[in-house]
Amino acid sequence: MKRFQSITIKQLALAIVSAMLLSMALLGGYMLLQAREVTASFQQHQREAAHAELKSRLDQLLTDTDKQATQIANWEETHRQWSHTGQHERWRDQRVYEAGLLHRGTAALALYAPDGLILGALSGGWPLRLTTPSGTPSGAAWITQDDEVPTLYRAFAIHNPGNKTRLEGYGLIRLDVLASLRNQTFHFIDPDSLHLKLSPGETLDPASLASRVQLNTRPDAEQARYQAIFSRTLLALFVLLGTTALAGYWLYDRLLVKPLRQLSKDLDDMQQSDQPKEPRRPAPQPIAELDNVRRSLYDYQLQLRELHNTLANQNKEFHSQARHDALTGCHNRRAYEEDWKDFMSKVESTPQGVAFLLFDCDRFKAINDTYGHAKGDRVLCIIADALVMALRAHDRLYRLGGDEFAAFLSRTTPAQARQIGQRCQSLIDAARFTDLGIVEPVGISIGVAFCDMHAQSSLDELPKQADIAMYTAKQPGHQRIAVYGEDTEAGSQTLVANRETSALFQALAQPGMIEMHYQPIHALPGRQVAYYEALARIRYHNQLLMPAAFLPVVSSRRLETEFDLAVLQQVDADLTNARLPEGCGISVNISAQSISRPEVVSTLMELSRHTARHPLMLEITETSLITQMLEVRTYLDLLRTVNFKIAMDDFGTGYSPLRYLVDLPVDIVKFDISLIKKLEETSRASQIVSDFARMMKDAGYSLVAEGIETEVALTRVQALGFAHVQGYLLGRPKTLDQLDTSVPHTIA
Ligand code: C2E
Ligand code: MG
Ligand code: MG
């Protein structure tokens, strides 16, 4: 079966044609055998007929001889031969033939006296005395060979016509048997083939003559015609069948094999081609179905090509979208990371220097808070446009996040880099932010780092150096543009010498230095522990650094993401090691800058595997710094699907958290300690906070009160309907070892 499958259609056609030709050959062979049989039967019949004919002719010959003998015996001239012997030779050699009694050339006559002596002169080898094989001359007939010629002798008695009892003498007729026979007309015998051979001295009885004569039959015209017809028919049949087979093969090959082969080749081409080729328009096929299949394939190929093109375009678009910032249109952080890596791998061959420029908008947080998110976005767009204009045509601008942009310039010098930076500042200074209703000046600070390829300095350091230059540029009284190494000498030394900075950098390098303390969040009214808030500290030289000390460094160095990732790693380790009581929730703090970063979101997704044992809450701090609202909303929605509760931290601080509350998918609102303190007073502010809390609760938010230090405050928030409380009154942040897990818990 397998071998059968591997036969090509051409081979199949050849097999069919071969089978036809073989059948024809067998049929032809069979017909030839039949014809030979018919011929043999014809020949047999011919032979039998020839023998019958011979016998009849011999009988006739004998009868005729007998008749001649009788006629000669009764002829009156015959009787006179004994009396007129002088004329006998003339009579014997002429008169007998003239009288039509014998045929000249084949028959002769001799007369004998009653005593047996021949009459007349001897001639032609006649016996002198008549002797017969039987001894009786009258009526005897025999055949002997005379001079190689088979001869029939017929002896007969001649009586006196007046007296029949008186014997006058004897006659002897001599007949050339074969010559006489050949004078006859034959249908079946070839007369020339008649042959009779007798042994010397042999005497043959005429009755057995037929069996001794050899003969050949005459070719049968009927048989010859039949054979000719048969041969012609057979030939015509062969020619017809052969032509039909070849024509059939040709048509099969032309109409089916070739189109099918082409079809199969087209299919193979379609399967093998990685790149879509311009499809070949199919030539029309003689068979309609094949033509339809080819057309369908052609259409299908066209559709595939169109689909491929569409997909390629979409792919290009997606790729472009994935690398571009939706708000400003310039390249995004992902593009920055890819391009910077690529640039670093190639730049070694560039003979000139490389400059790294970091841009940061001054007082952007204040602008965003004061004028709102939409205007903040417009400011970022104007800044991005101005920077693109100020950079060289082939330089790319990247938005790293928030109000931070970067560019790396190849084939440049520090002076040129500084000049480009100044051009950026000039263009932004000239921009008309007043059209947006922004009255205060909007500017940017620029940190520049330069790497001279000849000096073999490391490219990897450039972003960090530009960051330090930026820190210098941001210092009060500075010119808002600083080049690392030229302007930052003193500043960078200061930075490195700073205890918090050193502690932070070390802690980020060794996450074990970050120590998580857990402060209970109690459910009301029962006061059971519902969550523990994870609060970070850095253990540095046996000292515990509090967030108030290191968070400003995190913020100024824009290390929010790195820091939050390090904290999440710690919390994950604590949860994995089951060092926290099962059932109680964990609340983690994430900065506004980090929550728009995919790597932070994916780490949180990973953390969500603990939700079965520990319900998780995400506290977003500094919400007003959120600039990529769309992404953040999407990410928060995603986190909620894996059971994270989203809390807005420090509600009541900053400029416009209410707006963010509305825009973001938030479940819980944590009232900042400053608001809670107001509740203890009997002021108008206390009334406002109370009304606000009621309103929030009515809006469906779950409220948490931070900084509960007194029973008064606790009673107050409980009366206002807060669901949870947190504060030194109920529990301070503690290490895992200090944590009293025997206190009652509730499922959050
Ligand atoms: P937060 O998230 O609002 O945390 C509550 C802060 O209030 C904590 O300060 C806590 O110790 C303090 N606190 C709690 N109860 C009382 C009280 O009754 N009275 C007073 N006076 N204070 C109380 P901490 O631990 O110094 O954290 C300060 C801030 O640092 C946090 O405010 C949070 O914004 C940030 N933070 C702390 N840990 C992390 C962290 O792991 N990641 C991030 N991104 N931020 C963190
Ligand atoms: Mg918090
Ligand atoms: Mg707070």
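Every read-out reported here was derived from the displayed coordinates using simple, explicitly stated rules and does not represent laboratory data. Quick caveat, the model's predicted, so the values are computed rather than measured. Reconstructed Cβ throughout: ideal geometry from the backbone, glycine too, with neighbour counts over all protein chains shown.
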P(r), alpha carbons of region 1-101 - 5 Å bins starting at zero, rounded %: 3, 9, 9, 9, 6, 6, 5, 5, 5, 4, 5, 4, 4, 4, 4, 3, 3, 3, 3, 2, 2, 1, 0
Cα-based Kirkwood hydrodynamic radius, region 35-94, one decimal, Å: 15.2 Å
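Mind checking the full-extension length gain between LYS316 and VAL239? Use 0.36 nm per residue of separation minus the Cα-Cα distance, one decimal, nm.
On the way: separation 77, 0.36 × 77 = 27.72 nm, distance 6.73 nm.
Extra length available between LYS316 and VAL239 comes to 21.0 nm.
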Cα-based reach from LYS258 at 27 Å (exclusive), listing lysines while leaving out same-chain residues under 8 positions away: LYS2, LYS10, LYS277
Helix 629-641 vs. the chain, principal-axis angle (Cα, 0 to 90°, nearest 10): 70 degrees
Reachable lysines from LYS677, criterion Cα separation under 29 angstrom, eight or more residues apart if same chain: LYS365, LYS645, LYS697, LYS734
Pair-distance profile P(r), taking every C-alpha pair of region 701-742, with 5 angstrom steps and integer %: 6, 22, 26, 18, 15, 10, 3
Degrees between helix 373-390 axis and first principal axis of the chain (Cα, 0 to 90, nearest 10): 70 degrees
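For a footprinting-style exposure proxy, rank LEU675, LEU720 by other Cβ within 10 Å, fewest first.
Numbers: LEU675 22, LEU720 19.
By the 10 Å Cβ count, ascending, the order reads LEU720, LEU675.
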Principal axes of the chain: Cα extent on each, largest first, Å: 206, 67, 49
Cβ-based net charge around ARG633, under 12 Å, with every Lys or Arg adding one and every Asp or Glu removing one: -2
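Arrange the following residues from fewest to most other Cβ atoms within 10 Å of their Cβ: GLU606, GLU622.
On the way: GLU606 12, GLU622 20.
Placing the least packed residue first, the sequence is GLU606, GLU622.
I'd like to know how region 145-276 sits against the 2.2 N^0.38 Å rule of thumb: what's its Cα Rg over that expected value? All intermediate terms of the calculation are to be shown ahead of the outcome.
Working: Rg = 39.0 Å, N = 132, 2.2 N^0.38 = 14.1 Å.
In units of the globular-protein estimate, region 145-276 measures up at 2.77.
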Given LYS341/LYS474; LYS341/LYS375; LYS316/LYS474, the pairs whose alpha carbons are separated by over 32 Å: LYS341/LYS375; LYS316/LYS474
Order of ILE428, ILE9, ILE673 under a 10 Å beta carbon neighbour criterion, fewest first: ILE9, ILE673, ILE428
Percent RCO, i.e. relative contact order, over the chain, from Cα pairs under 8 Å lying at least 6 residues apart: 8 percent
Spherically averaged projected area of region 550-679 from its Cα convex hull (nm²): 8.5 nm²
Angle between the chain longest axis and helix 288-323 axis [Cα atoms, degrees, rounded to 10]: 20 degrees
